[in-house]
Amino acid sequence: MTREELIKYFNSKSYTPSTITGLAQRTNSNVEELKKLLEDLEEEGFIYRTRSGKWHKVKENEMIGVIKFTRSGKKAFVTSSSGREASVEIANTMWALNGDKVLVEIMKNEDDIPSGRVVKILERSLNRIVGVYKSQWTNFGYLIPDDPRIIYEFRVYFKDSIDVKDGDKVVARITRYPDSNAEGTVEIVEKIGRADLPQSDLPSVIEKYNLPKPGEFPKSVIKAIKKLPDDVEEKDIEGRKDFRGKHVFTIDGEDAKDFDDAVSIEKLPNGNYLLGVHIADVSNYVKEGDPIDIEAFKRGTSVYLIDTVIPMLPFKLSNDLCSLVEGKDRLTVSAEMEIDEYGRILKKQFSKSVIRSVKRLTYTKVTKLLEDPDEEIENEIGFIRKDLEMMRDLAHTIKTSRLGRGSIEFASDEVKVIVDENGYVKDIVLRKQNIAEMMIEEFMISANESVAELFDRIGFPFIYRIHGKPDVETIAELSEYLRAIGIKFKITENIQPIMLQRILEQIKGHPLEMVIQRLLVRSMKKAVYSETNVGHFGLASLNYTHFTSPIRRYPDLMVHRLLKIYIERGKFSSEDVERYSKILPSIAKHSSEREIIADQAERDLISMKKIEYAQNHIGEVFDVVVTGVTDFGLFVEIPDKAISGLIHISTLNDYYIHDEKFNTLTGTHGKTFKIGDKLKAKIISADKIKGMIDFVLEDENGKGREGKNDQKVKKNRRAG
């Protein structure tokens, strides 16, 4: 039976929901062939299967997708595999949990976003939950999930669980999902530790996102690793372009241990630069389909949890055999680019290569040499000063060219969490990009674009890093926020990256610069991996990929495999085209999903440490800026820590009217609070379990205003 015939049968009036066996009998089809067709149609959202095993056709007013709750837990959205989206009010979620696969009935359209209600839960995404145990009575208690997107608490019966105490962080197995007849129940299977102790943070995040334990790999991977050589072998060097006689070196952070990119530079007789970007040839050791490759695909990416790394590859590869360590021969894949005085790449050449890094440099040392050299730094790395000065000049040229085409340049709002040997937070500081980091970033972007441009030109199946245009509606919301702080931004249907770059230029030095940047990032679509090239909006790039980090990202490893086919053969066979056309879409999708999980895990742990920092500074006063105004108070942020919290309206010394249009709170005595206001506020509480930090406004006399006014705010909804 063909796909078209099966679709026609599902659309016929004679079709009644049937199992795969029944369908095979009625259509005289082979069960295995039919199974593949059904799975494809299910993936496309055309049909679904109930718990009884019967297949149903999705009606015109229905859609299948994954439900995702907002972090506030007040709303949910269902997104189909095709990208179709519907908003769902909590009352209409039918006891679904975050991540469940559901069938939604579309009810109406509002603001171009379909609204719907869940009519069936098709597949549960969770069977374990991490949370805090709260005792209730003598024979039971409740589990409060760590994830605020899980909006239900689960009952815990003592007889079904290990011995735990009130306030313990635990891992629990779901024994009953909540429904209209009864609340959900769980069985506690593991005690992590006390919820308020920092030692519980890392294991909580690892359990919450089902991440591998740091340093642990399956036995099959360990066995495969033992078969790898301890060093580069001569047979692997044969036929490679030899860069060992050139100044090739790595530049990384002080704490880095896996060095997967090295650079080189020289000035050509015609005045142009020849930039070399040399990337560890991981694919020489990790072959498609072997145990190491299977596990790397499963993980998708390395996860960086403050001072702990959960690597994609075992340390023998990531920190040794594939790490471009100083003074050792290492196999690489090189991109050589001839770049003119305007930052244009005139020629590019790719090769399998071998390098021997002349020096392991750090961002700090390179910046020191280029901006404030002393005798010590000159003695250590002064022998490559000329190379570094050329790189600095070239990087500035490339960056100027990139910004000129409209690439969006975000200032970094990442924080560095500094912890002691016991995991306690010592400080939180904003990361600032130095000249050395800028150089490497520009060179990596150039290499990524060069590889992507090659594959876009030859038309071979490939994995691109794409970033679509933002929706006009989301940019309109950003425009309203900007208008409230006095920044005008004209919205057009054809949004270009240079328009958003101009916003960033306007807000430089503004108290809300980092906040607006975050809003701008959220208003744009997330960059993902895809087998289809639509360009990269944020970089204003027609072609982009990830080629430069095969040690820590699986898509980069696949890009290397594809590029090496081109290097070795100069063309691709019909079998290559057919094979990669089939496997790349699923690799791209899975890699995007794993990246999202890694990002969420990293953010969660940092959020915990921010709350811990606040707990250590309760009673202290900070300079804050108002980032949001609501009818229940002011959201504020400590700018140099990126720590956010709430000044509740009940702590303000007046009755306030909330103006929704202009985002202000105005008191009866004339005091007005608005977005962008600089205030002094004191931390009065910080709760890791609830994920909340509370401030009070510090008055002119240096006194906080805790709980002086349990007022009911008046709302003023002005027209317009």
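The values are calculated or read from the model by the stated rules, or taken from the named source; none is laboratory data. Every value quoted in this text rests on a predicted model; they were computed, and no experiment measured them. Cβ sites come from the backbone with ideal geometry, for glycine too, and all protein chains shown count toward neighbours. With ligands, DNA and RNA removed, areas are computed over all heavy atoms of the protein, side chains included. Shrake-Rupley method; radii C 1.70, N 1.55, O 1.52, S 1.80 Å.
When you count, for each residue, the other Cβ atoms within 10 Å and take the mean per peptide, how do 195-201, 219-225 rank with the highest first? Walk me through the numbers on the way to the answer.
Details: 195-201: 19.1, 219-225: 15.0.
Ranking the peptides 195-201, 219-225 by packing returns 195-201, 219-225.
With a sphere of radius 13 Å drawn around the Cβ of ILE445, what net charge do the other residues whose Cβ falls strictly inside it have (Lys, Arg +1; Asp, Glu -1)? Walk me through the numbers on the way to the answer.
Numbers: positive: LYS399, ARG402, ARG405, ARG465; negative: ASP261, GLU409, GLU437, GLU441, GLU442, GLU449, GLU453.
Local net charge: -3.
I'd like the accessible area for SER530: 1.4 Å probe, protein heavy atoms, all chains in place, Å² to the nearest 10.
Looks like 20 Å² after rounding.
Can you work out ³J(HN,Hα) from phi for every residue in the stretch 170-185, in order, using Karplus 6.51 cos²θ - 1.76 cosθ + 1.60 and θ = phi - 60°, giving whole Hz and x for Gly and Pro?
Per residue, the Karplus-derived 3J(HN,Hα) values read 9, 10, 10, 9, 6, 9, 8, 7, x, 8, 5, 9, 7, 6, x, 10 Hz.
Using the heavy atoms of the protein chains alone and a 1.4 angstrom probe, what is the accessible area of the chain per residue in square angstrom?
On a per-residue basis, the chain sits at 48 Å².
What is the spread of the Cα atoms of the stretch 158-273 along each of their three principal axes, largest first, in whole Å?
Per principal axis, max minus min of the Cα coordinates gives 79, 37, 31 Å.
Just to check I understand the Karplus step: with θ = phi - 60° and J = 6.51 cos²θ - 1.76 cosθ + 1.60, what whole-Hz values come out for the stretch 287-302, glycine and proline as x?
8, 4, x, 7, x, 5, 5, 4, 5, 4, 5, 4, 6, x, 6, 6
Among the GluC sites (Glu not before Pro) within the stretch 244-347, which fall in a DSSP loop and have no more than 15 other Cβ atoms within 10 Å of their own Cβ?
Of the GluC sites (Glu not before Pro), the ones in loops of the stretch 244-347 whose Cβ has at most 15 other Cβ atoms within 10 Å are GLU254, GLU288, GLU341.
Please give the calculated 222 nm ellipticity per residue for the chain, where each DSSP H segment of at least 4 residues contributes -39500 (n - 2.57) and the sum is spread over every residue; nearest 500 deg cm²/dmol?
Values: 16 runs with 211 residues, N = 720.
Computed ellipticity for the chain at 222 nm equals -9500 deg cm²/dmol.
So for the stretch 97-184, considering every pair of alpha-carbon atoms, how many percent are separated by more than 23 Å?
Considering the stretch 97-184, 35 percent of its Cα-Cα pairs are separated by more than 23 Å.
For ARG594, ARG330, ARG71, ARG552, what's the largest-to-smallest order of accessible area, 1.4 Å probe?
In descending accessible area the options line up as ARG71, ARG552, ARG594, ARG330.
In the structure shown, do any of LYS213/LYS610; LYS68/LYS120; LYS219/LYS564 have a Cα-Cα gap over 19 Å, and if so which?
Details: LYS213/LYS610 23 Å; LYS68/LYS120 15 Å; LYS219/LYS564 29 Å.
Pairs exceeding 19 Å: LYS213/LYS610; LYS219/LYS564.
With a 1.4 Å probe and all protein chains kept in place, how much accessible area does THR362 have, in Å² rounded to the nearest 10?
10 Å²
Straight-line reach only, C-alpha to C-alpha below 13 angstrom: list the aspartates and glutamates that LYS287 could link to, leaving out same-chain residues fewer than 8 apart.
The qualifying aspartates and glutamates are GLU295.
How big is Rg to Rh over the stretch 502-590, alpha-carbon atoms, Rh as the Kirkwood inverse-mean-distance radius?
Taking Rg over the Kirkwood Rh, I get 1.13.
Translational diffusion coefficient, Stokes-Einstein: compute it for the chain using the Kirkwood radius over C-alpha pairs as Rh, at 25 °C and 0.890 mPa s, and state it as an integer in µm² s⁻¹.
Translational D for this selection: 85 µm²/s.
What are the GluC sites (Glu not before Pro) within the stretch 517-621 that DSSP puts in a loop, where the Cβ has at most 14 other Cβ atoms within 10 Å?
On the way: sites: GLU531, GLU568, GLU575, GLU578, GLU593, GLU595, GLU602, GLU612, GLU620; in loops: GLU531, GLU620.
Those that pass, being in a loop and sparsely packed, are GLU620.
Run the reach check for LYS661 against aspartates and glutamates, Cα to Cα strictly under 14 Å, same-chain hits fewer than 8 apart removed. What comes back?
List returned: GLU477, GLU480, ASP631.
Residue by residue through the stretch 337-348, what is 3J(HN,Hα) from phi via Karplus (6.51 cos²θ - 1.76 cosθ + 1.60, θ = phi - 60°)? Round to whole Hz and write x for glycine and proline.
Karplus-based 3J(HN,Hα) across the stretch 337-348 equals 10, 8, 10, 8, 5, 9, x, 8, 7, 8, 9, 8 Hz.
Keeping all protein chains in the complex and leaving out DNA, RNA and ligands, what accessible area do you get for SER115 with a 1.4 Å probe, in Å² to the nearest 10?
Number for this one is 20 Å².
Determine the share of the chain's accessible area contributed by carbon and sulfur atoms, expressed in whole percent, with a 1.4 angstrom probe. Kindly include the intermediate steps, with their values, before the conclusion.
Numbers: 16880 of 34890 Å².
For the chain, the apolar C and S fraction of the accessible surface comes to 48 percent.
With an 8 Å Cα cut-off and a minimum separation of 6 or more residues, compute the relative contact order for the chain in percent.
After rounding, I find 9 percent.
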